[in-house]
Amino acid sequence: MSSLRFSRVPAIDTALKLVAVAVAMFAFVFVVMVPLYNVLCDALGINGKTASQAYTAVPAAIDESREVTVQFVAINNDGMPWSFSPDIRMMRVNPGAANGVVFHAVNPTDADMVAQAIPSISPSRAAAYFHKTECFCFDQQMLDGQAGTEMPLQFIVDQDLPVDIHTITLSYTLFDVTGTVTDGLASR
């Protein structure tokens with residue numbers, strides 16, 4: 001029985017094989033699993049991921065016989081010093097109606113910064129029925145030091161939302177992407 005040998009010392013062979021396995025596992029996670037995860041989330045509408053493009057509204061009647069509570073949550077990622085919050089924390093909406101809310105951001109530092117908001121919807125199966133027609137999350141937000149801004153969100157809850165869903169939570173996490181910005185655009 002032949003075995004793969006890298007050196008004459010068995011301990012070095014074992015260490016090299018373990019390092020090779022660790023590198024292969026690391027590469028597999030970042031090269032294969034992340035894109036596969038994103039494709040599956042998009043295809044199946046799971047994990048509360050929302051579309052990264054504006055929804056084109058189609059004419060539809062408003063379902064005034066039904067109300068859905070929409071909750072708004074604003075979170076800063078670790079190391080993000082901005083103040084970030086919605087105008088209101090909760091609103092009741094009728095499916096099919098256009099709705100709006102404003103989020104506020106303040107950069108308390110003296111440095112110019114760029115942020116990116118990443119949305120998530122809970123329950124995750126409601127993500128397919130929550131349509132953003134205008135959202136600050138579509139673009140990066142640049143703020144000068146000591147400046148503030150209003151960031152609008154326009155959305156429609158689809159009439160086809162399952163009747164057992166009474167509350168939708170829209171959560172935004174704000175990330176500092178200043179270090180990835182080159183010529184006004186973030187590198188990916």
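General observations
- Fully extended contour minus Cα-Cα distance, from THR69 to SER171, at 0.36 nm per residue: 35.3 nm
- For the stretch 68-186, with +1 on Lys and Arg beta carbons and -1 on Asp and Glu, the positive-most of VAL106, VAL177, PHE155 along the dipole: PHE155
Bear in mind these aren't lab numbers, they're just calculated from the coordinates by the rules spelled out. Keep in mind it's a predicted model, so treat the numbers as computed, not measured. Don't worry about glycine lacking a Cβ; one is built from the backbone with ideal geometry, like all the others, and counts go over all protein chains shown.
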